[in-house]
Every structure is written in structure tokens, then in C-alpha cells.
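To keep things clear, I will list the structure first and then write my remarks on it.
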Amino acid sequence: MSDQLADDGAEPVIEAVEVRKTFNHGAVVALDGVTFEVAPQEHVAITGPSGCGKSTLLHLLAALDVPDSGTLRVAGEDVARLERPNEFRRERVGLVFQMHNLLPHLDALGNVGIAMFGTSMGRRERTERAQELLDLVGLDGLGHRRPPELSGGERQRVALARALANRPSVLIADEPTGSLDTGSRRLVLQLLERLRVEEGVTLVVVSHDERVLDAADRVIHLRDGRVVDDEGED
Ligand SMILES: Nc1ncnc2c1ncn2[C@@H]1O[C@H](COP(=O)(O)OP(=O)(O)OP(=O)(O)O)[C@@H](O)[C@H]1O
Ligand SMILES: [Mg+2]
């Protein structure tokens, strides 16, 4: 299998084969045999009706849960057989969820810095990297504001900065522009594209937003836990 893939160039960053995931002892089939691949630095959007399995798929990609069957490899690792799942989640994948889970009592710098806690980086190094990331997302000067003192779009950018702290190979985002106005949405989209080009991250973004889908190289459509369409760039 990987020999075949090697013919097409680089190894995929994500390789899902017949991934199945159920809940409630099989009563709810969230993913019903999902197969797809994502190449390094590709920008993929996943869309489909409510309940079709998008968030479930992102949770599996981030190793927050494991498939019932099938295989899912992310950044070279089988997510169901990770030796150090915490390290994988902290260092290999960056996560941005719509409920961005910023800590309200920490300022923006603290929220980004905390992602690097427990790595080999010292305190000063963590703060420097956090500052660099806030600059990157256009929030220089706002490092000492706490989440309640930031707009929704600014908070979303702090969440992005935090997701990138440990230089993940894959950035996974669930409706990253969900609650944003047109201007903030455009900023976040431009930022994602810059991150892909400059930091070399692979982007997997769940969205219903046409502008987010347009920005992607490829759109995977899910329905009832299956891939019903996988449109490439042309
Ligand atoms: N922890 C859970 N326990 C039971 N059922 C769940 C659980 N998580 C998700 N489901 C069910 O699995 C299916 C897929 O849910 P999922 O959250 O992946 O959908 P989604 O495509 O992200 O929907 P939305 O667009 O509304 O966010 C749904 O039927 C949902 O009710
Ligand atoms: Mg969802």
C-alpha cells in the first residue's frame, strides 16, 4: 500500500481506511467506513449535514477517541496504537474547536504559552514563542488581554496561535469561522493559508461556510457517516 502511495510522491499525512465509529453500543453509527488520504501541506475541507460524523472524524484524527474498526494513520502514527497519546495530541496535531476553550483567567500570552507546558521548552522560551505566534496571527500588542477582553475573531486567532505552538504537522479545525463576521472570517482564512505555506502545516477544516470550502484544495462531503464525494482541485 505505501509503495503504491510513494509512486504519487510524498507519503500521506492522513490515511483513513474503512474507519468505523459507533456510539451507544453500536446503536448510533457515526462513521460507517470512511476512506480518504491527505497529502502533506494539503488544505482539505470536510462538509456535510448536521450529524453526518464530521466532529467524530476530527476527534479520531486528534486521537481524542479511537475507531471501532478500520485504520487511521496521522503523521505516521496509528492513532489507535499510540504509545504516548498525550504527547501525540500536544505535539503532532493542533486543534481549534468552535468552543475554543481558552482559559478565561489567563491572558492571550498565557493561553498560548500553556500549550507548551510540559515540553522541553523553558519558561522564557515558551513566552518568546507565544509572543512570536501572537505576532503571526496579527495580535501583537494584545498579549496581555484576557479572553473576555477580546473580540470573537481575536479569540479565534489566539486559539489558532495556541494550536500551532508545538509546530504540529496537522492543524484540525471544527468550524473555525463559525461565529465570525465577514472581516474576521477573511482574516482567519488568510491566516490559515499563510500557515500552510510558511509553517508547512496540513489543514483539515470542517465547515458549512462556502467561503471556507472555496479556500480549500479539496472538499470531502460526508453523509450518514460515509464519504459521498471527494472533489479534488481542478
Ligand atoms: N459521544 C457521543 N455519544 C453518542 N452519540 C454521539 C456522540 N458523539 C456523536 N454522536 C452521534 O454521532 C453522530 C455524528 O455526530 P457528529 O458530532 O460527528 O456530527 P457532525 O457532523 O459534527 O454534526 P454538526 O454539523 O451538527 O456538528 C450523530 O448522530 C451524533 O448524535
Ligand atoms: Mg460537529
- Query: How large is ³J(HN,Hα), in whole Hz, for each residue of the stretch 116-133 in order, when computed from phi with the Karplus curve 6.51 cos²θ - 1.76 cosθ + 1.60 and θ = phi - 60°, using x for Gly and Pro?
  - Reply: 9, 5, x, 8, 7, 6, x, 4, 5, 5, 5, 5, 5, 5, 4, 5, 4, 5
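What ratio of Cα Rg to 2.2 N^0.38 Å holds for the stretch 104-162? Mind dumping the intermediate values first?
On the way: Rg = 10.5 Å, N = 59, 2.2 N^0.38 = 10.4 Å.
Compared with the compact-globule rule of thumb, the stretch 104-162 sits at 1.01.
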- Which far-off residues, 5 or more places away or on another chain, put their amide H under 5 Å from the one on residue 66, with H placed in the peptide plane? none
- Within the stretch 104-162: Cβ-based charge dipole about Cα centre, in debye rounded to nearest 20 (Lys, Arg +1; Asp, Glu -1): 200
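Work out how much length residue 151 to residue 17 would gain on full extension: take 0.36 nm times their residue separation and subtract the Cα-Cα distance, in nm to one decimal.
44.3 nm
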- Item | Antiparallel DSSP beta bridges within the stretch 154-234, as percent of all bridges there, nearest 5 | 50
- Item | Karplus-derived HN-Hα couplings along the stretch 157-171 (A = 6.51, B = -1.76, C = 1.60, θ = phi - 60°), whole Hz, x at Gly and Pro | 6, 4, 4, 5, 4, 5, 4, 8, 3, 9, 6, x, 7, 10, 10
- Task: Pull out the extension gain between residue 86 and residue 144, defined as 0.36 nm times the separation in residues minus the alpha carbon to alpha carbon distance; nm, one decimal.
- Result: 18.1 nm
- Note, residue 205: beta-carbon cut-off 9 Å, +1 each Lys/Arg, -1 each Asp/Glu, net -2
- Give me the orientation-averaged projected area of the Cα convex hull of the chain, in nm², one decimal. 13.3
- Task: Pull up the DSSP beta bridges for the chain and report the antiparallel fraction as a percent, rounded to 5.
- Result: 55
- Task: Sort 72-82, 164-174 for me by packing, meaning the mean count of neighbouring Cβ atoms within 10 Å per residue, highest on top.
- Result: 164-174, 72-82
- Measuring from its Cα centre, the stretch 126-234 shows a charge dipole (+1 at each Lys and Arg Cβ, -1 at each Asp and Glu Cβ) which, in debye to the nearest 20, is 600
- Task: Could you pull out every residue, at least 5 positions away or on a different chain, whose amide H is within less than 5 Å of the one on residue 48? Hs are placed 1.01 Å off N in the peptide plane, and Pro or chain starts have none.
- Result: 222
- Message: Under 5 Å between amide hydrogens, which residues at least 5 positions from residue 32 or on another chain qualify, with H placed 1.01 Å from N in the peptide plane?
- Response: 21, 226
- Note on the structure: The summed charge of the residue 53 Cβ neighbourhood (under 15 Å; Lys/Arg +1, Asp/Glu -1) stands at -4
- Note on the structure: Measuring from its Cα centre, the chain shows a charge dipole (+1 at each Lys and Arg Cβ, -1 at each Asp and Glu Cβ) which, in debye to the nearest 20, is 1220
- To the nearest 500 deg cm²/dmol, what mean residue ellipticity at 222 nm is calculated for the chain from DSSP H runs of n ≥ 4 alone, each contributing -39,500 (n - 2.57), summed and divided by the residues? -9500 deg cm²/dmol
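No value in this document is a laboratory result; all are computed from the given coordinates. Everything numeric in this text was worked out from a predicted model, so none of it was measured. Cβ sites come from the backbone with ideal geometry, for glycine too, and all protein chains shown count toward neighbours.
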